[in-house]
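Only one structure is covered here, and it is reproduced in the block below.
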Amino acid sequence: MESKKYLIFIRHGERKDRVGEKVLLHPCDPELTEKGKKYCCECGKELKNELKKLNIDLNRVKLLSSPFFRALQTSKEFLNGLNLPQTIYIDNNLCEYFFEKEFKDQNPFEFLSIISNEKKEISLYKNEMKDCKLILLNSYELLPKKVEIREDVVKRLKNYIPQLKKDLYEDKENDAYILVTHACPIHIICDIFNYPKQYENDSKIAFAQYFIFNVNKNDKNEFEVNTIL
């Protein structure tokens, strides 16, 4: 009998610039508030209980994250709450929506801490991530090269999701993928998966909110996705 498979999408925690706190890193790659980090850890503990209810073996869970620093911090704190090893797989398909108002002509290779850290010392980034094992799943070349419109994000996620479901279903070592990303991608993914609750806009998805979906194959050997939470 095949194991049940699950996709769990998480929005990153509370970011400093959204509550008027001083951002220490690049303004396009802000860090979490201390309150946000603590809340993510608490949500990780809550998620652990939800996974137990679904009989998901925590040793068969893999966490994938957007390369943005707030997503990496969120991943770390959720893993703490789940009491899992600090192994984070960087999946650039999960990156933020590069919309004009915030990003303008910014080059992600210049402002993302995970990339610029390879060129110069960033003490905050290094201190936060020193105990984490970061594994790059795919090239940074996947990051958008210019400002996107929403239809661009929809297109890249519609290209990504079928492969993600296939990878999960064929993964013999893991029964669940936890994916830490951003409000816009989650909003679009909820639409793709026909999530029962309709969100007016991205901001209605709360910081550290998570969504659980079950992935199955039907009689036609097609993937079906059902909402759990």
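Nothing in this text is a laboratory measurement; each read-out follows from the coordinates by a stated rule. This is a predicted model, so every value here is computed, not measured. Cβ coordinates were reconstructed from backbone atoms using ideal geometry, including for glycine residues, and neighbour counts include every protein chain displayed.
Can you work out the Karplus-derived ³J(HN,Hα) for every residue in the stretch 162-169? Use 6.51 cos²θ - 1.76 cosθ + 1.60 with θ = phi - 60°, whole Hz, and x for glycine or proline.
Working through the residues one at a time gives x, 5, 4, 4, 5, 4, 5, 5 Hz.
Got a sec? How would V147, V23 order by Cβ neighbour count within 10 Å, fewest to most?
In order of increasing Cβ crowding within 10 Å: V23, V147.
For the stretch 152-186, run through the trypsin sites (Lys or Arg not before Pro) and keep only the ones in DSSP coil with at most 16 other Cβ atoms within 10 Å of their Cβ.
The qualifying sites are K172.
Which entries in K130/K155; K166/K204; K52/K158; K45/K101 show an alpha-carbon gap greater than 32 Å?
K130/K155; K45/K101, as the Cα separations exceed 32 Å there.
Comparing L24, L179, L58, which has the greatest mean-square fluctuation in the GNM of the chain with Cα pairs linked when under 10 Å apart?
Residue with maximal mean-square fluctuation among L24, L179, L58: L24.
Whole-Hz Karplus ³J(HN,Hα) for the stretch 26-35, in order, using 6.51 cos²θ - 1.76 cosθ + 1.60 and θ = phi - 60°, x for Gly and Pro?
Here the 3J(HN,Hα) series is 4, x, 7, 9, x, 8, 7, 6, 4, 4 Hz.
Roughly speaking, what is the centre-to-centre gap between the stretch 161-218 and the stretch 71-91 when only Cα atoms are used, to the nearest Å?
Value for the Cα centre distance between the two parts: 17 Å.
Sort S203, S123, S113, S75 so the one with the fewest other Cβ atoms within 10 Å of its own Cβ comes first.
So the ranking, lowest neighbour count to highest, is S123, S203, S113, S75.
If each residue's Cβ is checked for other Cβ atoms within 10 Å, how do C43, C132 rank with the fewest at the top?
On the way: C43 22, C132 17.
Listed from fewest to most nearby Cβ atoms, that is C132, C43.
Indicate the gyration tensor shape class of the stretch 81-206 (rounded, prolate or oblate), computed on the Cα atoms with a ≥ b ≥ c the square roots of the eigenvalues: a/c under 1.5 is rounded; otherwise a/b larger than b/c is prolate and the rest oblate.
Oblate.
Just to check I understand the Karplus step: with θ = phi - 60° and J = 6.51 cos²θ - 1.76 cosθ + 1.60, what whole-Hz values come out for the stretch 71-83, glycine and proline as x?
Those phi angles translate into 6, 5, 5, 4, 4, 4, 6, 5, 4, 4, x, 7, 6 Hz.
Helix-only estimate, please: 222 nm mean residue ellipticity of the chain, summing -39500 (n - 2.57) across DSSP H runs of length 4 or more and dividing by its residues, to the nearest 500.
-11000 deg cm²/dmol
Would you look at the GNM of the chain, springs on alpha carbons closer than 10 Å, and say which of E14, E42, E110 moves the most?
E110
Return the ratio Rg/(2.2 N^0.38 Å) for the chain, where Rg is computed over Cα atoms only.
Details: Rg = 16.9 Å, N = 229, 2.2 N^0.38 = 17.3 Å.
With N residues counted in the chain, Rg over 2.2 N^0.38 Å equals 0.98.
Name the residues whose placed amide hydrogens come within less than 5 Å of the amide hydrogen of S65, ignoring near sequence neighbours (fewer than 5 apart) on the same chain.
Y89, I90, D91, V180
If you take every DSSP beta bridge whose two residues both sit in the stretch 5-227, what share of them, in percent to the nearest 5, is antiparallel?
40 percent
Please list the non-local residues whose amide H lies under 5 Å from the amide H of A208, H modeled 1.01 Å from N, same-chain partners needing a gap of 5 or more.
R11, H12, G13
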